[in-house]
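Q: Following this message is one structure expressed as structure tokens.
The values are calculated or read from the model by the stated rules, or taken from the named source; none is laboratory data. Not measured: the values here are computed from a predicted model. With ideal geometry, Cβ positions are generated from the backbone for all residues, glycine too; neighbour counts draw on all protein chains shown. The protein model used for the area step is the full one, side chains on, heavy atoms only, and it has no ligands, DNA or RNA in it. Shrake-Rupley method; radii C 1.70, N 1.55, O 1.52, S 1.80 Å.
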Amino acid sequence: MSEVYDGAFRSIINECCQFVLPFINEAFGENYSGNEQIVFYPNEHFIIQNEDADKRRITDTNFTVIGEGKKNYHLECESSPYSDNMLLRIFEYDTQIALDNSKVTEDAITVSLPHTAILYLRSSRKTPKKLKISIEVPGGKHISYYVPVVRMKSYTIEQIFEKKLYMLIPFYIFNFEKELPACEKNEEKLKILESKFKQISDRLIELRDKGEITALEYNTIASLSKDVINQIAKKYKSVSKGVGNIMRGPMIITEGMKIYDEGMQKGEINGILKHQIETAKNMIFDGVSDDLIIKYSGISPEKLEELKAEMAKS
């Protein structure tokens, strides 16, 4: 189940890069303008442990933002309720990212921990607003840093659009998870829920028509929203059909998208195909099914088989 949500989170970041910086601004209190460069890195990291030297961890996303300065970021999306294990996982991820980017000289190593934040799709009063990681170094000194927690349920439709947190839209259905059984049985309640998502769909179409988001970005949000709705409401056919179809919306194909698709097939768009291949590799390592790998990475079934054969040899 969680692989659908993780896949949707990675997909919207991979395919809608301009949505990342507003989320970073919200989570860390940054003030990025949107003109900064984002450089993504592979999400696979090896965790060195005595009992399992080849243990792998797949982070949701790991990248550097380059503007007036340069900062490394690490984002995670979590659909399970909060537990202490998340702190351990985050520290594992952060240290491995720091080691991957370390600078080694003849007698010294310098490591830089990334700025990390977690998006909790489900939260309660027990879910902290931030996590604290403390490190005791030789000499009795302590170093601490905080991991901001972004809770999906904290955001209304108005706040999402006001702050341009469009990457949260596919997960907005989580805010109504407890209401789904009642919506399935009560047509009036279902209509109220549908009206909320009709408002989101209409505003997305308006943004697309004004050129504030691209047709590809609109289609990605709509498609991923329906995927998440279908997963979370799979027991509730009326909800899945009613709300899901609203969010799917009218898909449009522009000339630019045709060129994009042709370029993807030929590998002619620099960086994009490579990034999708990295996403596919990470999902293969993570044991995700072929159907979901194809769906969320965008590679063809033939390319997937090629990747699996290459990875089996290495």
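Q: Quick one: Karplus J couplings for region 213-218, per residue in order, coefficients 6.51, -1.76, 1.60, θ = phi - 60°, nearest Hz, x for Gly and Pro?
A: 10, 7, 4, 5, 5, 4
Q: Ok, one more. Expressed as a whole number of Å, what is the distance separating the alpha-carbon centroids of region 158-197 and region 84-124?
A: 33 Å
Q: Counting Lys +1, Arg +1, Asp -1, Glu -1, what net charge surrounds L87 among other residues with beta carbon under 13 Å of its beta carbon?
A: -2
Q: Still on this structure, I have one more. Kindly sort T95, T61 by accessible area of their heavy atoms, largest first, with the probe set to 1.4 Å.
A: Listed by decreasing accessible area, they come as T95, T61.
Q: Let me ask something else about it. Could you report region 81-161's accessible area per residue, 1.4 Å probe, as an integer in Å²?
A: With all protein chains present, region 81-161 gives 62 Å² per residue.
Q: Simple spin-label model, 7 Å along Cα-to-Cβ: E177 to S124 in nm?
A: Simple spin-label model gives 1.1 nm for this pair.
Q: Can you sort L168, L207 by 1.4 Å-probe accessible area, starting with the largest?
A: Solvent-accessible surface, decreasing: L207, L168.
Q: Taking all protein chains as present, what is the carbon and sulfur share of the accessible area of region 128-250, in % to the nearest whole number, probe 1.4 Å?
A: Percent of accessible area from carbon and sulfur atoms in region 128-250: 49.
Q: Give the lysines whose C-alpha is closer than 28 Å to that of K129, dropping any in the same chain fewer than 8 places away, or say none.
A: Answer for K129, where 28 Å is the Cα cut-off: K70, K71, K141, K153, K163, K164, K178, K196, listed by chain and number.
Q: Also, I was wondering about something else. How far apart, in nm, are two points set 7 Å out from the Cα along the Cα-to-Cβ line at T64 and at A108?
A: About 1.9 nm, to one decimal.
Q: For D202 and E302, compute 0.36 nm times the residue count separating them, minus their Cα-Cα distance, and round to one decimal in nm.
A: Contour length minus the Cα-Cα distance gives 32.3 nm.
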